[in-house]
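Asks: Pasting a structure below so you can have a look.
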Amino acid sequence: EAGVTQFPSHSVIEKGQTVTLRCDPISGHDNLYWYRRVMGKEIKFLLHFVKESKQDESGMPNNRFLAERTGGTYSTLKVQPAELEDSGVYFCASSQDVGRGYTFGSGTRLTVV
Amino acid sequence: DQQVKQNSPSLSVQEGRISILNCDYTNSMFDYFLWYKKYPAEGPTFLISISSIKDKNEDGRFTVFLNKSAKHLSLHIVPSQPGDSAVYFCAASARGSNYQLIWGAGTKLIIKP
């Protein structure tokens with residue numbers, strides 16, 4: 001079974017630009033999560049989709065971040081405009097059931113300069 | 001306010017010996033705890049978990065101990081192997097929080113030959 005795929009693996013953009021991160025979950029997984037790790041600190045929850053619906057977006061830092069999951073398949077996370085503090089590694093994870101352990105992608109390392 | 005704390009940023013252990021990774025939490029509503037392992041440029045990989053109704057869970061070389069009164073859990077790896085060198089994250093979730101994971105900052109484990 002293919003794992004969770006994230007694209008791109010790395011992105012370097014200038015402050016003020018827009019970046020879109022993509023996540024392809026494991027096929028059949030209704031639950032999709034976005035997490036972020038900033039500067040070697042703890043990994044923090046951003047949001048949770050169940051199919052195409054946002055179940056919980058309490059971790060989204062501000063309205064510069066927009067997540068979508070069209071058709072309940074892949075998801076995108078857009079940052080517009082990007083700020084320096086948005087730099088970090090963005091992880092996507094998916095699970096078949098809402099629960100305790102899920103499968104993570106390799107992450108997208110975003111650097112805003 | 002960090003609800004899950006891993007106070008040791010790194011730990012060095014001789015191959016063959018026991019590795020003990022520690023994690024403390026503050027939220028008494030947490031009812032499920034997980035350990036993830038992360039290699040560089042990869043996403044976190046689920047390792048082992050424990051429910052709050054238990055105080056020990058064992059899986060091969062890995063054992064997690066939970067001390068609810070002290071709000072403390074630990075991961076024991078016996079015997080430690082070179083492939084165990086990675087960053088280990090402790091995470092917790094609470095029923096009713098939509099199983100959102102709250103993470104520690106991670107401990108880098110280095111196994112010396």
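Where a number appears in this text, it was derived from the coordinates with a stated rule and is not lab data. No experiment lies behind these values; they were computed from the predicted model shown. Cβ atoms come from the backbone with ideal geometry, glycine included; neighbour counts cover every protein chain shown.
Asks: Can you tell me what percent of all Cα-Cα pairs in chain A are more than 23 Å apart?
Replies: Numbers: 1298 of 6328 pairs.
Looking at chain A, the distances longer than 23 Å represent 21 percent of pairs.
Asks: Which value in nm describes the separation of the simple spin-label points at A:V38 and B:L11, placed 7 Å from the Cα toward the beta carbon?
Replies: 2.8
Asks: How would you rank A:R36, A:R64, going from fewest to most other Cβ atoms within 10 Å of each one's own Cβ? Before the final figure, lay out the partial values.
Replies: Numbers: A:R36 23, A:R64 14.
The fewest-first ordering by Cβ neighbours comes to A:R64, A:R36.
Asks: While we're looking at this one, here's another question. Hey, any idea what the orientation-averaged projected area of the convex hull of chain B's Cα atoms comes to, in nm²?
Replies: Numbers: hull surface 27.7 nm².
It is 6.9 nm².
Asks: So who's got an amide H within less than 5 Å of the one on A:V12, skipping anything under 5 residues away but keeping other chains? H placed 1.01 Å off N, in plane.
Replies: The list, which skips near neighbours in sequence, is A:T111.
Asks: Also: What pairs from A:K51/B:K108; A:K44/B:K108; A:K51/B:K5; A:K78/B:K108; A:K54/B:K56; A:K51/A:K78 go past 29 Å between their alpha carbons? Can you show the working numbers first?
Replies: On the way: A:K51/B:K108 35 Å; A:K44/B:K108 18 Å; A:K51/B:K5 32 Å; A:K78/B:K108 31 Å; A:K54/B:K56 35 Å; A:K51/A:K78 18 Å.
Table pairs above 29 Å Cα-Cα are A:K51/B:K108; A:K51/B:K5; A:K78/B:K108; A:K54/B:K56.
Asks: A further question on this structure: In the Gaussian network model of chain B, springs joining C-alpha atoms below 10 Å, which of B:S19, B:S69, B:S85 carries the largest mean-square fluctuation?
Replies: B:S69
Asks: Quick one: length gained pulling B:H76 to B:N27 fully straight, 0.36 nm per residue minus the C-alpha distance? Before the final figure, lay out the partial values.
Replies: Details: separation 49, 0.36 × 49 = 17.64 nm, distance 2.27 nm.
Result: 15.4 nm gained on full extension.
Asks: Please compute one quarter of the surface area of the Cα convex hull for the range A:1-54 and express it in square nanometres. Working shown, then result.
Replies: On the way: hull surface 20.0 nm².
Answer in nm², one decimal: 5.0.
Asks: Once the Cβ-Cβ distance between B:D55 and A:N62 is put in as r, and R0 is 35 Å, what FRET efficiency do you end up with, to the nearest 0.05? Walk me through the numbers before you get to the answer.
Replies: Details: r = 41 Å, r/R0 = 1.16.
FRET efficiency, B:D55 to A:N62: 0.30.
Asks: Given H placed on each backbone N at 1.01 Å, which residues far from B:D31 in sequence or on other chains put an amide H within less than 5 Å of it?
Replies: Amide H neighbours of B:D31: B:S93, B:A94, B:R95.
Asks: Using a Gaussian network for chain B with springs between C-alpha atoms less than 10 Å apart, which of these wobbles most: B:I50, B:I18, B:I77?
Replies: Maximum among the listed residues: B:I18.
Asks: So, one more: Please report, in whole Å³, the volume per residue of the convex hull around the C-alpha atoms of the protein assembly as shown.
Replies: On the way: hull volume 28.0 nm³, N = 226.
Spread over its residues, the Cα hull of the protein assembly as shown gives 124 Å³ apiece.
Asks: When chain A is treated as a GNM, springs tying every alpha-carbon pair under 10 Å, which of A:G88, A:G59, A:G71 comes out with the largest mean-square fluctuation?
Replies: A:G71
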